[in-house]
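The values are calculated or read from the model by the stated rules, or taken from the named source; none is laboratory data. The structure displayed is predicted, hence computed values, not measured ones. Backbone-built Cβ (ideal geometry, glycine too); neighbour counts: all protein chains shown. These area figures cover heavy atoms from the full protein model, side chains too; ligands, DNA and RNA do not enter into them. Shrake-Rupley method; radii C 1.70, N 1.55, O 1.52, S 1.80 Å.
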Amino acid sequence: MGIGATAGAAAVGGIALTANASADSTSASAADSLVFDPDAHTELTTTVTDTAGDEHSITYRFWKAITYVAKPVDEAYQSLNISVPVEIDGTAVDASDAPILFANSVGGYMPSSVADATGIGAGGMGGAGGAGAPGGAPSGSASPSASAAVPGANENTNANGGATSSNQLLALAAGYVVVEPGARGRTLKNSAGEYYGTAPAAIVDLKAAVRYLRHNKGRVPGDTDRIVSAGTSAGGALSSLLGASGDSGLYDTYLKEIGAADASDAIFAVGAWCPITDLEHADGAYEWNWGANATGSGSTVDGTVSKALQAQFAEYQASLKLRGLNGFGTLTARNYDAYLLKQYLQPSATAYLAALSDADRAAYLAKNTFITWSGGRATFSWADYLAHVGARKKTAPAFDAFDLSAGENNLFGAGTTESRHFTAYGAAHDTTGLSGKRVASDIPEKLKLMNPMYHLVEKVNGRRAKHWWIRLGTNDSDTSHTVSANLAAAAKGLGDNVNHLYYWDQGHGANTDPGDFITWIAKVTGYKKK
């Protein structure tokens with residue numbers, strides 16, 4: 001997380017942070033290994049189906065597995081791919097000043113590699129195909145949490161759940177440069193049994209990848225002042241964090257250790273789908289949202305635990321002093337249900353129903369009698385909405401499990417310790433025999449490094465991204481709906497441009513308006529394809 005804004009250039013932790021983009025490519029101290037080779041590409045052709053169903057033939061240049069740090073811990077993950085369109089449907093394209101879509105494929109805070117990719121959109125978890133497909137657990141007890149169940153980071157679904165082209169391919173067809181960075185993840189272990197991809201490795205790697213692009217301004221194709229990050233689930237969290245923490249000095253030591261370029265890591269805009277973030281407060285938020293719902297097996301969670309965590313959420317939410325969008329007022333645990341209904345859920349249902357034919361709408365309403373449809377608007381109660389969603393995906397606590405079994409416990413592992421508690425409540429109720437039942441002394445700082453809310457609320461970062469695209473499915477119970485809503489409220493409260501909505505009846509990882517995202521990039525960056 002961050003310190004306050006950095007203006008101009010400031011020397012922090014021995015590294016000069018340059019807010020001035022013109023200086024990014026001229027650092028005399030950068031290693032030769034961090035100079036982009038414009039000739040080291042292959043030329044490939046692919047077919048992209050746009051959101052209207054039309055096919056486009058794209059010829060593009062592909063740079064594969066460029067190591068983006070001078071002292072990599074693991075090159076298989078600390079590398080990136082670059083795709084640049086040169087011809088679209090037979091017409092030459094100049095992408096030299098096009099926006100850069102920086103699309104990570106992280107899911108579940110697992111490792112993501114592009115080393116084996118054969119073209120755009122072909123990287124994924126642990127080097128496997130299928131961008132963003134979740135991987136397995138580390139050897140031992142830590143299992144991936146439900147938040148790892150991403151159908152494919154940056155992959156898109158239409159309103160009926162069918163697949164469309166990925167964000168990367170649609171961006172390529174729009175004439176944008178596409179960068180796909182790999183990153184270390186929580187399950188990686190060396191021969192000594194030490195975990196080297198736990199927090200904050202993933203965000204440090206993504207920052208280093210941005211610094212590589214900034215360092216090569218004028219050499220790497222695209223406008224390095226118009227980098228738009230995109231990610232889903234944990235990748236959405238990292239995308240949000242990357243945007244919120246631009247040029248924060250808190251990461252300098254980590255970046256120096258891996259030989260990151262001496263350049264800015266600030267980005268222009270954020271695309272975040274169902275971000276699994278604000279982890280130290282996520283258990284309370286989850287119980288506030290889903291505490292009334294039974295689990296998939298039909299069992300209820302421990303009521304005492306659920307109520308205690310809900311009380312924590314109420315205290316945390318009050319401390320944020322965030323105001324809702326559209327003049328709603330201060331968001332509290334008492335009015336957040338009304339806010340979600342008014343700002344997101346009812347408008348989402350309204351848009352969904354309005355798009356149906358009269359017959360299909362009548363059939364849907366007949367099956368979902370909790371919805372009142374009047375004057376072209378859908379209304380319903382919070383309790384009926386929760387009943388409509390049904391089973392919650394996670395038990396209590398959802399993220400800092402008492403038995404250290406959640407993927408997020410593994411995210412905060414260290415050394416040869418696979419999983420650790422990261423909240424006082426989780427540690428106090430530990431069932432694994434933890435001595436002292438307290439969080440480790442380094443955990444508070446690690447939490448700052450992993451939470452975008454720190455940069456947006458506690459230590460407001462002036463170098464943050466100022467444009468936010470945030471999406472979530474209304475049936476997604478991988479985390480609380482308040483998490484993305486708080487993120488949006490915090491950014492909006494700082495005067496940022498926020499585009500945030502929920503997809504009706506969609507689950508975790510949904511992206512049903514990808515064409516709108518690509519259009520939004522052009523709008524906020526001011527780009528017109530040449």
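In square angstrom, rounded to the nearest 10, how much accessible surface does HIS388 have for a 1.4 Å probe?
Only protein atoms counted, so the area is about 50 Å².
Quick one: with all protein chains in place, what share of the accessible area of the chain is carbon or sulfur, to the nearest percent (1.4 Å probe)?
Carbon plus sulfur share of accessible area: 50 percent.
Put +1 on the Cβ of every Lys and Arg and -1 on every Asp and Glu Cβ in the chain; which of ALA391, ASN293, LEU34 then has its Cα farthest towards the positive end of the dipole?
Selected residue: ASN293.
About the Cα centre of the chain, what is the dipole size in debye to 20, counting +1 per Lys and Arg Cβ and -1 per Asp and Glu Cβ, all else neutral?
I would put it at about 1120 debye.
Counting Lys +1, Arg +1, Asp -1, Glu -1, what net charge surrounds ASP37 among other residues with beta carbon under 14 Å of its beta carbon?
Within the 14 Å Cβ shell, the charges total +1.
How much accessible area does TYR502 have with a 1.4 Å probe, in Å² rounded to the nearest 10?
Solvent-accessible area, nearest 10 Å²: 10 Å².
Measuring with a 1.4 Å probe in the full set of protein chains, what accessible area per residue, in whole Å², belongs to region 409-530?
Result: 35 Å² per residue.
So what does LEU386 come to for accessible area, using a 1.4 Å probe and Å² rounded to 10?
20
Nearest 500 deg cm²/dmol is fine: what mean residue ellipticity at 222 nm does the chain get from its DSSP H runs of n ≥ 4 alone, each adding -39,500 (n - 2.57), divided by its residue count?
Per the formula, -8000 deg cm²/dmol.
Could you do me a favour and compute the accessible area per residue for region 179-303, 1.4 Å probe, result in Å²?
21
In what sequence, largest accessible area first, do TYR212, TYR77 appear using a 1.4 Å probe? Before the final figure, lay out the partial values.
Numbers: TYR212 0, TYR77 30 Å².
Per-residue accessible area, sorted high to low, gives TYR77, TYR212.
Can you give me the distance in nm between label points at THR372 and ASP516, each placed 7 Å from the Cα along the Cα-to-Cβ direction?
2.6
Evaluate E = 1/(1 + (r/R0)^6) for SER357 and ALA92, where r is the Cβ-Cβ distance and R0 equals 41 Å; express this FRET efficiency to the nearest 0.05.
For SER357 and ALA92, the calculated efficiency is 0.45.
Among GLY175, GLY426, VAL457, whose Cα sits farthest toward the positive end of the charge dipole of the chain (+1 at Cβ of Lys/Arg, -1 at Cβ of Asp/Glu, about the Cα centre)?
Positive-end residue among those listed: VAL457.
Let me know the charge dipole size of region 250-315 about its Cα centre in debye, to the nearest 20, where only the beta-carbon of Lys, Arg (+1) and Asp, Glu (-1) is charged.
Approximately 260 debye in magnitude.
Starting from the Cα of ASP384, step 7 Å toward the Cβ, then list every residue of region 321-352 with an amide N under 19 Å from that point.
Residues 337-352 fall inside that zone.
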